[in-house]
Amino acid sequence: MVVRNKARLAAQGFCQKERIDYEETFAPVARLEAIRILLAFATSKGFKLQQIDVKSAFLNGFIEEEVYVRQPLGFQSARFPDRVYKLRKALYGLKQAPRAWYARLKSFLLKSGFVMGSVDKTLFLLSRGGDTLIVQIYVDDIIFGGSSHVLVSSFSEQMSREFEMSLMDGEAMDQKEFRGMICSHLYLTATRPDIEFTACLCAHYQASPRTSHHKAVNRIFRLQVEGVDNALIKGKIESQWTGLIALLVR
């Protein structure tokens, strides 16, 4: 049974030659220590942090070099089968794609009034009156928060207008319903010890469950229905456990 059919066009970056197809490839990434400091600072100031994810982030970057790609198989032009495409924006697989995405996001934030950190190039600050908004970038994941709810909401709306976003936490859901789902999972652990870790991880969010947590719990239910008799399905389920844990940790 096919649950989801998805494909992505990617460039063969291993064919690129330095100084011909690309120049710089480095893009700064936030260190885990910087994220921990941000969490500690937000806790001390009482900031509520949020996380958003940019969908297909690398496709938003503009490239400066001339890059050409062959027509993808199955989508060749019947009229011009021997011609190639000239890229205006980055594709996944290009050497310069991460740097192009960072440059696009940095330019947008600076135009919006943010100031980039002098040491940490993934940290951006915005001051309006006596209020402050902090933005930390980790590739396509953005953590932000501030002392003003108006600033936080305004930034979230600006990002949604500029890029295709997904808010990681989502809206709050009924606490009683979520606790009932957790109890059902904990009951299943008596005969399914392989789900004990994820069930206990979900239980950590009973005090303030969000729609993202509800989605994660529903995925566990779905995996129980699929079963693990078939080796192929078992491999698929084990891979989904990894994605589920990543969803919850976020």
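The table below lists the values:
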{"quantity": "Within the accessible area of the chain (1.4 Å probe), percent carbon and sulfur", "calculated": "55"}
{"quantity": "Accessible surface, per residue, of the range 179-223 when the full set of protein chains is kept, probe 1.4 Å, Å²", "calculated": "54"}
{"quantity": "Sparsely packed GluC sites (Glu not before Pro) within the range 1-64, loop by DSSP, other Cβ within 10 Å at most 16", "calculated": "23, 24, 64"}
{"quantity": "Largest-first ellipsoid semi-axes for the chain, taking √(5λ) over the Cα gyration tensor eigenvalues, angstrom", "calculated": "36, 30, 15"}
{"quantity": "Per residue solvent-accessible surface (Å²) - the range 85-176, probe of 1.4 Å", "calculated": "53"}
{"quantity": "Percentage, to the nearest whole number, of Cα pairs in the range 14-82 over 16 Å apart", "calculated": "73"}
{"quantity": "The range 80-183: radius of gyration and largest Cα-Cα distance (Dmax), Å", "calculated": "18.8, 62"}
{"quantity": "Kirkwood hydrodynamic radius of the range 44-85, Cα pairs, Å", "calculated": "14.8"}
{"quantity": "Principal axis dimensions, largest first and in whole angstrom, of the range 1-143 by Cα", "calculated": "62, 46, 27"}
{"quantity": "Set 89/111; 106/215; 45/215 screened for pairs whose C-alpha atoms are more than 22 Å apart", "calculated": "106/215; 45/215"}
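The values are calculated or read from the model by the stated rules, or taken from the named source; none is laboratory data. Predicted, not measured: the structure shown is a model, and the values here were computed from it. Reconstructed Cβ throughout: ideal geometry from the backbone, glycine too, with neighbour counts over all protein chains shown. Side chains included, ligands, DNA and RNA excluded: accessible areas come from the protein's heavy atoms. Shrake-Rupley method; radii C 1.70, N 1.55, O 1.52, S 1.80 Å.
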